[in-house]
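Q: Before anything else, here's the structure in question.
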Amino acid sequence: PIREAAEAFLSSLGAQDRARTLFPVEGDTWRRWSNIHPFVMRHGMPLEDMSSSQRDLALGLLRTSLSRSGFETARDVMKLNEVIREITGRDEEYGEWLYWLSVMGTPSAEEPWGWQIDGHHLIVNCFVLGDQIVMTPMFMGSEPVHARTGKYAGTRVFEVEEARGLNFMRSLTPEQQATATIGTEL
C-alpha cells in the first residue's frame, strides 16, 4: 500500500514537479532536514504548490505509512503551524501547507526507496525495503500545542506527553529537578 500511494502521488505530477520531487535513494538528501527556517535545506515538492488532489495524494502517502494516531498527530502539527501563521502574520515562515515532500529512489517491491516530509515541527523519513519499513529520523513538535482560537480552534497535540513529563518532574527531588532542568527562560 505504501508503494501504491507513492506511485499514485508521483503519477499526479508533471515532469517538472516530478523532477523536483525525486532524489537518488543513495544520496545525502535523507540527511538534509531542519526544524527551523522554512528555506533551510528544503528540497522536494512544497505542499503549498500542489493542487488539492495532489495534496490529497501526498497526504495519502503519509496516512498509509503512519499509524492512525501518527497521521492524526502529523496533520495536527501542520494545522497548528497554520495557527502560528494566524498569530504572527508571518506567511513566509508558517502555514499548514509549508512542508516539502521528497521521494528517494523509485517505489519498488524489491529495491530500497523511501520518502521524506520536511517542515516546521514535522520531519518524517520513511525508508522502505521490501516489507521492511524504518521511520527515522522523525520529529514532531508544536508551539502552540493547543489552538484556542482561529481556523483550527480546539486542535491539541502532546497532551499525554506533557502530563507524563510534568508527573516525572514532580516525582524528582528538588536537587534532581535542578539537574534535569536545562533552563528556566526562553
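No lab work stands behind these numbers, since they all come straight from the coordinates. Remember, it's a predicted structure, so these values are computed and weren't measured experimentally. Glycine gets a Cβ as well: all are built from the backbone with ideal geometry, and neighbour counts include every protein chain shown.
Q: Which angle between 0 and 90 degrees, to the nearest 10, do you get for helix 52-65 versus the longest principal axis of the chain when only C-alpha atoms count?
A: 70 degrees
Q: Find, among the GluC sites (Glu not before Pro) in region 1-108, those assigned to loop by DSSP (not H, G, I, E, B) with at most 14 other beta-carbon atoms within 10 angstrom.
A: Passing sites in region 1-108 are GLU26, GLU92.
Q: On to the next question. Per the Debye formula with a single identical scatterer at each Cα and no solvent contribution, what log10 I(q)/I(0) holds for region 36-116 at q = 0.14, 0.15 Å⁻¹?
A: Here log10 of I(q) over I(0) equals -0.53, -0.61.
Q: Hey, got a sec? Which GluC sites (Glu not before Pro) in region 117-186 land in a DSSP loop and have at most 14 other Cβ atoms within 10 Å?
A: Working: sites: GLU159, GLU161, GLU162, GLU175, GLU185; in loops: GLU185.
Here the sparse-neighbourhood loop sites are GLU185.
Q: Tell me the angle of helix 68-88 to the major Cα principal axis of the chain, expressed in degrees between 0 and 90 and rounded to the nearest ten.
A: Tilt relative to the chain: about 70 degrees.
Q: Would you mind giving the three semi-axes, in whole Å and largest first, of the ellipsoid equivalent to region 85-186 according to its Cα gyration tensor?
A: 33, 23, 12
Q: For region 14-21, in order, what is each residue's ³J(HN,Hα) by Karplus, 6.51 cos²θ - 1.76 cosθ + 1.60 with θ = phi - 60°, in whole Hz (x at glycine and Pro)?
A: Each residue's phi maps through the Karplus curve to give x, 4, 5, 5, 5, 5, 5, 9 Hz.
Q: Rounding to the nearest 20 debye, state how big the charge dipole of the chain is about its Cα centre with +1 on each Lys and Arg Cβ and -1 on each Asp and Glu Cβ.
A: Magnitude of the dipole: close to 240 debye.
Q: State the Cα centre-to-centre distance between region 42-115 and region 140-184 in whole Å.
A: Value for the Cα centre distance between the two parts: 25 Å.
Q: Projecting each Cα onto the charge dipole of the chain (Lys/Arg +1, Asp/Glu -1 at the beta carbon, about the Cα centre), which of VAL103, SER171, SER53 comes out farthest on the positive side?
A: Looking along the dipole axis, the top candidate is SER171.
Q: Please go through region 61-144 and write out the chymotrypsin sites (Phe, Trp or Tyr not before Pro) that DSSP classes as loop and that have at most 15 other C-beta atoms within 10 Å.
A: Those satisfying the criteria are TRP97.
Q: Please pull out the direction-averaged projected area of the chain, using the convex hull of its alpha-carbon atoms, in nm² to one decimal place.
A: Result: 12.5 nm².
Q: To the nearest 500 deg cm²/dmol, what mean residue ellipticity at 222 nm is calculated for the chain from DSSP H runs of n ≥ 4 alone, each contributing -39,500 (n - 2.57), summed and divided by the residues?
A: Result for the chain, helices only: -12000 deg cm²/dmol.
Q: Let me ask something else about it. In the Gaussian network model of the chain, springs joining C-alpha atoms below 10 Å, which of VAL83, VAL160, VAL128 carries the largest mean-square fluctuation?
A: In this elastic network of the chain, the residue with the biggest mean-square fluctuation among VAL83, VAL160, VAL128 is VAL160.
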